[in-house]
Structure formats: C-alpha cells, structure tokens
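The values are calculated or read from the model by the stated rules, or taken from the named source; none is laboratory data. Owing to the predicted nature of the structure, the values given are computational and were not obtained by experimental measurement. For neighbour counting, all protein chains shown are included, and Cβ atoms are generated from backbone atoms with ideal geometry for every residue, glycine included.
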Amino acid sequence: MAKLDNEDFNARRFIGANGLQSIGDQVVAAKTVLPYLLHIAGAPGFFSAMLVPIRESGSMLPQAALTPWVVRQKSRTRIWVIGSIIQGIAAAGIGACVLFLKGSALGWAVVTLLGALALGRAFCSIASKDVQGRTISKGRRGRITGTAAMVGGVSVVAIGAALMLLGKTPPVSVLVGLIFFSAAAWLLAGAIFGTIREPIPEEQEQAPNNWLSDSRQLLNEDRKFRTFVIVRSLLLVSALSPTFLVMLSPNSLGAFLLATGIALIVGGRVAGVWADRSSKSVMQYGALAASVVILTLVASSLWLADVINVWVMPIGFFAIHLIHTAIRVGRKTYVVDMAEGELRTRYVAVANTAMGVILLLAGAISGGIAHWGPHAALLFLAAMGLIGALLGRNLEEVSTAK
C-alpha cells in the first residue's frame, strides 16, 4: 500500500510521543512503584489493592460513553494532547502527595489522582487509534506501534538498572524524582503529538445517539467485532499473571522494571513486524505461549529446588512480559486494521469499555481463586489463555504485509 501524505513525518512523532508515554506508564505503575510507595508510607493495604483496578478499568470503562463527543470532534490529535496533559498533571500531583502526606491521607490522594490519570489515558487510547489510522498506512501500523514500545523500553531499562544499583529499597526521594520526570515526559509527549499533521475529513462523522444501545448493538449484531472482544478478554492471561508470579518468587523493584523494559525493547519491534503480516496470529500464538510459560513456572515452583527457581522465575517473569508486549501490539494493530472512520472509533471505545468490565470480573475471580494460593490462580489464567488460543482461530485476518 502506498504511503499517505506526511506519513514518515507523522510516524516519527507518533513513535516519540508514545515512547514518552510508555515511560510514564512504567514508572507511575500500579503494579510496582505505587504500591511500594504506599507500603513504606504506612498506607493501609486496601489502597494498594485498589490501584490496578482503578488504573486499568478506569482508563477503559469511560470510553464508550466518550464516543459521541469524540466522534463530533474533527481533530483526534487534540483529544490525545488533552489526555496527555491530564496524565502529566495527575502524575505531578502524585509525586507531590508522596512528599507531603503519609498513611491513609496519602492512600486517598494517590487513588484519586490515579483515577484522574486513568481518565486522561482513556482520552489518549480512544484518539490514538484514529490518528494512527488516518496518518499511517496499513502494513506499517504494527511496526510503528512496536517501535514506540521499544523506545519506551530503552528508558525503562535504564531506570530499572539504576534502581537495582540502589538496592532492594530505593530511596523515596529517587522514586519521587522519577515520578516528576514521568510527568514531564507526558507533557512533552503532548507537545510532540500535537505537531502531527492529521488529515481532517471534510464530512462530519455520525456520532451514535445513545452510547449504551450502540454498544449493545455492536456486540449483538457484529460477529467479527464480538469475536475480537471475546478473544481479547481471554488474552488477559498475560496481563493478570505477573502479580501471581511475583507471589511465587518476590523480586526487587528494579528487577521488575528492568524485565519490563527489556521485554518492550525485544518484543515491540519484532511483534510489530509480525502484526503487520498477521495481527491475528500474534494474539492467538501469544495466548498459547503465555499459557505454556505459566504452566512451566507452576510446575517448576512445585517440583524443582529453590536453587533452580531463583533463576527460572525471573526468566519466566521476563517471558510473560515479552509475550504481553507482543499481545498488546497485536491487538492494537488488529483493531486499527479492522475498520475505518467512525466505526473504528466505536470499535475501540466499546471494546475497551467491555474490557474494563471483564477485567474487573477476571481480576475478582482470579483473586478469589488465589485464596487457595497463587498456583491455583495461575492455573485458572493458563486455562483462559488456552481457550483464547483456540477461539483465536475464528478471528478474521484483517492485516496485510507491506
């Protein structure tokens, strides 16, 4: 497919802005940095338990409701910039609260600001796919998304390595400095993304009158879209399993970030090229690979000696993050390639809102199963992944090689 006007110019800015956003995602992280800070500040565990649901579901649940307003805005670039600014301000607020608050006061402040950050991410998520679809031709989108992940990964590796040098308990002042750095990264990302030369359609796209009935109609009547949502929900195996893997073999904060960053670097570009050829295959085989890795790690923790598991578990943690990176690139490429115009906007928003609900349910179920230990929860998630790989065969092929 021929390149679009200004495609190389826009691609560089898309990569730069999303790479900077990735830095913020990994530093102001609900799974690692924030619970660590709440713990050492004496905040009740209740607040740490709320972080992941607020961050993940909070960025997904509002999207269907936002769709009518988003569709009425001719420029989607402006929406992304607004979302990035919101995230930057919220991150700076979190950093300030960590400096001046303790205990429950800090807990309430962090979860509130994290909710605001998640809302900003919802704006970016719903707008990003449209901007990419308008400015990047099919056959290059996966590589652009993967390269953006890789750029963010390089920075995260550097941060993770630095934290490892500081030991298992890095100073709060250093982490707060990183949070402020992330806030600046989000603001810079907004400035860069705002320079994208987005082609504006002459005709006004038709916004749905009722987002709830529109969501229900899409899920009931659009078989291709419904299959994608079902398969994507089963891909949560790679998103939910790291928490339970950490319970099997706790690691330092720096090691978590280092593994995540390396996975972004290695997996982003490779998965991007693969996704441009077949984003369906990336999702399908990613689910299968995640399940195999989880089953292997469960068996290792049960039957192998600790002297072996001290090496096996970190490698497995890295492998899951690598697979998760590939799955993220694959599903993002798939939904952008699946439709055009306002239909793509509706697909992205409804799928993400549905995923917000499903994430809460899957998290609650796996958390309940974890009452019998992390092994039980991991076996449940591995079963989800195997079913996802099986149902992934029913996905239509929507991506094409360049």
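Does L343 satisfy the criteria of being surrounded by fewer than 18 Cβ atoms within 10 Å (Cβ to Cβ), under 20 Å from the mean Cα position of the chain (by Cα) and within 30 Å of I79 (Cα to Cα)?
no
Consider only pairs whose beta carbons are under 9 Å apart and that are at least six residues apart or on different chains; among these, list those whose first residue lies in region 355-374 and is more than 15 Å from G58 (Cβ to Cβ) and whose second residue is not in a helix (DSSP H, G or I).
A362/L236; S366/L236
Here is a check on your reading of the model: is T333 part of a helix (DSSP H, G or I), within 15 Å of the chain's Cα centre (by Cα), hydroxyl-bearing (S, T, Y) and within 30 Å of D214 (Cβ to Cβ)?
Taking the combined requirement at face value, the residue satisfies it.
Looking at R121, is it touching a residue at least 24 places away in the same chain (Cβ under 8 Å) and more than 25 Å from F180 (Cβ to Cβ)? Talk me through it step by step, then tell me what you get.
Values: touching a residue at least 24 places away in the same chain (Cβ under 8 Å): yes; more than 25 Å from F180 (Cβ to Cβ): no.
When the stated conditions are applied, R121 does not pass them.
Filter region 52-108 down to the residues that are polar (S, T, N, Q) and touching a helix residue (DSSP H, G or I) at 6+ places or on another chain (Cβ under 7 Å), then identify the one that is farthest from E340 (Cα to Cα).
By that ranking, first place goes to Q87.
Kindly provide the set of residues from region 132-143 that are touching a Phe, Trp or Tyr at 6+ places or on another chain (Cβ under 9 Å) and buried (at least 23 other Cβ atoms within 10 Å of the Cβ), ordered by number.
Across region 132-143, the qualifying residues are Q132, T135, G142.
Filter the helices (runs of 4 or more DSSP H) completely within region 183-290 down to those with at least 3 residues that are of a type outside the set (G, A, S) and at pLDDT below 80.
It comes to 237-248.
Could you check, for region 335-348, whether at least one of its residues is without any contact (Cβ under 8 Å) to a residue 40 or more places away in the chain and out of contact with any Lys or Arg (no Cβ under 6 Å at 6 or more places or on another chain)?
The first filter runs over region 335-348 and keeps only residues without any contact (Cβ under 8 Å) to a residue 40 or more places away in the chain, leaving 339, 343.
Okay, now just the ones that are also out of contact with any Lys or Arg (no Cβ under 6 Å at 6 or more places or on another chain), so 339, 343.
Among the residues of region 335-348, at least one is without any contact (Cβ under 8 Å) to a residue 40 or more places away in the chain and out of contact with any Lys or Arg (no Cβ under 6 Å at 6 or more places or on another chain), which makes the answer yes.
Residues that are over 30 Å from R140 (Cα atoms) and among the aliphatic types (A, V, I, L, M), at least 2 per element: which helices (runs of 4 or more DSSP H) completely within region 1-91 meet that? Give the steps one after another, and end with the answer.
On the way: elements: 7-27, 33-40, 45-60, 63-72.
Correct list: 33-40, 45-60.
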